[in-house]
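Colleague: Encoded as structure tokens, here's the structure I'll be asking about.
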Amino acid sequence: MNHSRTNVEPILVSACLMGQPVRYNASCVRNDIDAMTWLHTHFELKTFCPEVAAGMSTPRAPAEIDHGTGAEVLDGLKQVKENTGKCVTDQFVAAAHLTLAFCQQHNIRIAILTAFSPSCANSRIYDGSFSGKSTDGRGVTAELLSRNGIKVFNQNELDDLRLFVNA
């Protein structure tokens, strides 16, 4: 990798997508090597985990938005709950605001976040039943970033990202 590049756009990438074991079960998400090489070549990658930034432990209990979306959580209409029933809405909202502040600090306009996550999902989230079923909607962080003009992709949409940056 050429570290002498100039004017390379910063992009936010979920820490779990970069191999860091920060997911609720202390795992990461494996990615296509060619896709990661392309990202390293075209962007300055800024790694961030909303939940860890908000002080949540790893591992932690699985959490889902309780039959709603990140938009409804931000609007105070729905909650994020762990599979134990514990409400963790405040932590997820704080995580979203910390992520937005990080993006603003680094002039980030594009993020690659983790699909299905109650924080990071950009199009489909788990439905709140802890049954593995998904529904349309964004996670709390993805929603806040989108509301603030940051384009959010997930790890399965890198072809869409390529089209977006070449448009």
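The values are calculated or read from the model by the stated rules, or taken from the named source; none is laboratory data. Since we're looking at a predicted model, the values are computed, not measured. Every residue, glycine as well, gets a Cβ built from its backbone with ideal geometry; the counts of neighbours run over all protein chains shown. All accessible areas refer to the heavy atoms of the entire protein, side chains included, with ligands and DNA or RNA removed. Shrake-Rupley method; radii C 1.70, N 1.55, O 1.52, S 1.80 Å.
Colleague: Do any residues in the stretch 131-145 that are more than 21 Å from Cys103 (Cα to Cα) have Cβ atoms under 6 Å from those of residues that are open to solvent by 20 Å² or more (accessible area, probe 1.4 Å) and in a loop (DSSP other than H, G, I, E, B), where the two are at least six apart or on different chains, and which pairs are they?
Modeller: Lys133/Asp127; Thr135/Asp127; Gly137/Thr69
Colleague: Let me ask something else about it. Looking only at the stretch 39-54, which residues are open to solvent by 40 Å² or more (accessible area, probe 1.4 Å) and either modelled with pLDDT of 95 or more or touching a helix residue (DSSP H, G or I) at 6+ places or on another chain (Cβ under 9 Å) (or both)?
Modeller: His42, Glu44, Lys46, Thr47, Val52, Ala53
Colleague: Also: What pairs come up if the first residue lies in the stretch 80-93 and is over 22 Å from Leu144 (Cβ atoms), the second is modelled with pLDDT of 95 or more and surrounded by fewer than 15 Cβ atoms within 10 Å (Cβ to Cβ), and their beta carbons are under 7 Å apart, counting only those six or more places apart or on different chains?
Modeller: From the stretch 80-93, the pairs are Asn83/Phe130.
Colleague: Scan the stretch 55-91 residue by residue and report those that are assigned to a loop (DSSP other than H, G, I, E, B), under 23 Å from Phe102 (Cα atoms), open to solvent by less than 30 Å² (accessible area, probe 1.4 Å) and not β-branched (Val, Ile, Thr).
Modeller: Met56
Colleague: Working only within the stretch 136-152, note down all residues that are assigned to a strand (DSSP E or B) and either modelled with pLDDT under 95 or closer than 16 Å to Leu77 by Cα (or both).
Modeller: Selection gives nothing.
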